[in-house]
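Since the structure comes first, as structure tokens, the remarks are kept for the end.
Every read-out reported here was derived from the displayed coordinates using simple, explicitly stated rules and does not represent laboratory data. Remember, predicted model here, so these are calculated numbers, not experimental data. FYI the Cβ positions are ideal-geometry reconstructions off the backbone, even for glycines, and counts take in every protein chain you see.
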Amino acid sequence: MSVTATRFAGTRSVLVELSDLDSVLALDALLEASPLPGQLDVLAAASTVFIKADSWASARKIAAAIPALELGTAPENAGSLVTVDVHYDGEDLAEVAKLTDLSIESVINAHTSQTWRAAFGGFAPGFAYLLGENSSLNVPRRDTPRKVVPSGAVALAGDYSAVYPRQSPGGWQLIGHTDAVLWDLERENPALIRPQDRVQFTASHTSLKLSSRTAAAPAHAAPKAAAGQLEILDPGLQSLIQDLGRLGLGNLGVSAAGAADTSSARAANRLVGNAAEAAVIENLLGSLVLRARGDAVLSVTGAHAQLLITPVEEDDFHEEERAPEMNTPFALLDGETLTLLPSGSGLRSYLGVRGGIDVDPVLGSRSTDSMSGIGPAPLAPGTLLPVGTVNGSHVVGNPEPSTLPVPDAHGIYTLRISKGPREDWFGEAGLRQLTGQTWSVSAESNRVGVRLALPGDSSPLTRIRTGELSSEGVAVGALQVPPSGLPVLFLADHPVTGGYPVIAGVIAEDLPAAAQLPPGAQLRFELVDPLTHNPHAPRAAGAPSHEGNTP
């Protein structure tokens with residue numbers, strides 16, 4: 001058992017390859033019990049351990065420390081024993097019997113007669129990869145994945161079994177269903193099955209009553225006592241509550257989420273005197289309209305927008321409308337209405353309010369995860385947002401320059417990248433192609449990722465290696481390349497694991513710029529060496545300008 005390779009995944013993550021699953025579990029258990037300095041999150045997979053760090057310096061120290069660790073072995077009974085009742089009526093049960101040369105009854109007996117170990121999580125909140133004691137039920141994934149697998153489906157793939165915690169696409173062989181709730185935010189530990197737990201499946205002969213729990217905490221609920229409120233009149237195309245995200249839950253399949261452009265979110269809070277982690281409103285493409293209930297101090301940063309304040313109509317007089325500036329704190333008095341209208345570059349605007357948006361946190365964060373549904377629901381007309389109270393001295397900031405990226409004279413943006421953990425799947429020619437041609441932002445992009453398209457005479461990337469890559473941890477900023485050859489640049493709501501090779505990663509300093517690229521924007525990638533690059537050095541034309549406000 002040993003570490004076979006250590007690779008950097010972007011400038012704040014390390015991907016450790018190990019010789020076997022026992023080594024993976026041993027390293028995962030060791031890092032869980034004794035975290036390394038700067039370690040933020042750890043995610044085990046079939047043959048790798050992915051470690052998130054708080055800085056490039058910490059990532060380098062972690063990479064250097066890993067080979068010297070004494071792995072030992074993971075405790076056999078480290079977790080709890082979880083019993084799951086299953087109704088064996090899956091659509092693929094007969095196919096599994098055929099593939100394993102067993103009878104249906106023998107398949108059920110093989111599934112229930114062994115204890116399964118939760119080796120690692122990922123894919124979705126509450127989804128655990130369960131490794132059996134033998135390979136009697138080793139079956140391939142379906143040739144054509146299902147577009148919809150129901151919540152509670154019990155499935156097999158390779159040497160693993162799993163239970164789907166929520167309705168989702170999937171290519172595993174379905175052998176049954178359970179009414180156990182795999183993910184419930186009302187529990188102290190939301191995941192029913194956690195890594196290192198042991199699972200015993202039992203055959204249930206009672207009728208199933210499938211149940212599901214929503215993961216979203218509604219933002220419409222009656223607000224708690226607060227210093228004031230913001231009433232949403234029109235949320236526009238999309239308005240979400242975001243802070244700096246939730247860390248340390250990757251092994252449960254929970255992504256960090258948080259503001260897509262952390263630079264603009266931090267600036268919005270700084271301008272109104274909040275701590276950097278206070279919750280703000282992230283608005284897509286303007287058109288947000290809200291009303292103050294109680295006097296408030298606001299700021300708007302990020303994508304350029306025209307700001308218009310409509311005063312309260314009174315019997316004796318009617319004040320004129322006023323237009324505050326972006327990137328500047330301003331007052332919104334009780335009853336006044338603020339309207340945001342898009343007026344220029346950028347994709348996402350951030351509205352900060354002095355005291356912060358004081359909705360209830362979910363798993364330690366007020367962020368909305370658009371992929372899993374964890375966190376406050378998207379804002380809707382009539383939503384009342386409580387404003388937090390201000391304790392102590394919080395100085396309101398001075399006007400600041402915009403942090404939006406600026407294109408070059410040809411309208412092309414530049415993002416700096418470092419080599420990814422799987423750049424060897426494409427070789428030096430692949431990296432030259434990635435950096436030597438222009439890409440465009442697809443209209444299918446969202447908070448999960450920026451999907452890239454091919455303008456003009458550009459061409460897709462091609463692999464020099466064949467076969468499939470086992471799912472492994474991925475970082476925000478990763479450029480993952482599916483078989484189409486069109487990279488996807490992962491943003492805040494990206495899945496915690498991925499099954500396609502990552503050729504490169506956008507460096508941390510340029511991630512906010514990536515989140516502000518609108519559909520149709522053209523961009524190029526500039527390869528830098530993390531060991532020598534200086535994020536504060538003068539930039540080439542078209543490079544983003546987010547120094548000092550890294551995520």
Point to revise | For Asp85, residues with placed amide H under 5 Å, excluding near neighbours | key: Thr202
Check your understanding: Given only helices, namely DSSP H runs of n ≥ 4 each adding -39500 (n - 2.57), what is the per-residue ellipticity at 222 nm of the chain, to the nearest 500 deg cm²/dmol?
Key -> -3500 deg cm²/dmol
Study note, to complete from the structure: Computed over the stretch 28-183, the distribution of all Cα-Cα distances in 10 Å bins, rounded to whole %, is 10, 35, 29, 18, 8, 1
Study note, to complete from the structure: The alpha-carbon center of the stretch 425-499 and that of the stretch 1-72 are separated, in whole Å, by 24 Å
Review point. Of all the stretches in the chain, which is the longest one without any exposed loop site, taking trypsin sites (Lys or Arg not before Pro) in a DSSP loop (any state but H, G, I, E, B) with at most 11 other Cβ atoms within 10 Å?
Key: 225-464
Check your understanding: Tell me, what ³J(HN,Hα) does each residue in the stretch 446-451 have, in order and in whole Hz, if you take phi through Karplus 6.51 cos²θ - 1.76 cosθ + 1.60 with θ = phi - 60° and put x for Gly and Pro?
Key -> 7, 5, 6, x, 8, 8
Exercise for review: Give me the Debye-computed log₁₀ of I(q)/I(0) at q = 0.11 Å⁻¹ for the chain, equal point scatterers on Cα only, no solvent, two decimals.
Suggested key: -1.03
Practice item. Over all directions, average the projected area of the Cα convex hull of the stretch 232-387 and note it in nm². Key: 8.9 nm²
Check your understanding: Considering only Val359, Gly467, Ala508, whose Cα is most displaced toward the positive end of the charge dipole of the chain, charges sitting on Cβ of Lys, Arg (+1) and Asp, Glu (-1)?
Key -> Gly467
Study note, to complete from the structure: Expected vector for the stretch 140-148, Karplus 3J(HN,Hα) from phi with 6.51, -1.76, 1.60 and θ = phi - 60°, integer Hz, x for Gly and Pro, equals x, 5, 4, 4, 10, x, 6, 6, 9
Practice item. Could you tell me the largest-minus-smallest coordinate of the C-alpha atoms of the stretch 345-463 on each of the three principal axes, in descending order and whole angstroms? Key: 56, 35, 30
Point to revise | Amide H contacts of Ser367 (H built 1.01 Å from N, under 5 Å, at least 5 apart or other chain) | key: Asp243, Gly245, Val362
Exercise for review: In vacuum, with every alpha carbon of the stretch 412-527 counted as one equal point scatterer, what does the Debye formula give for log10 I(q)/I(0) at q = 0.12, 0.13, 0.16 Å⁻¹? Two decimals, please.
Suggested key: -0.35, -0.42, -0.65
Check your understanding: If you look for lysine pairs in the chain that are eight or more places apart or on different chains, how many of them have Cα atoms under 28 Å apart?
Key -> 5
Point to revise | Tail beyond 19 Å, pair distance distribution of the stretch 3-68 (Cα, percent) | key: 18 percent
Check your understanding: Which residues' amide hydrogens lie under 5 Å from the amide hydrogen of Ala279, considering only partners 5 or more residues apart or on another chain, with H built in the peptide plane?
Key -> Ile357
**Study point:** Signed unit charges on C-beta, dipole axis of the stretch 108-176, positive-most listed residue Gly121, Ala155, Pro165
**Key:** Pro165
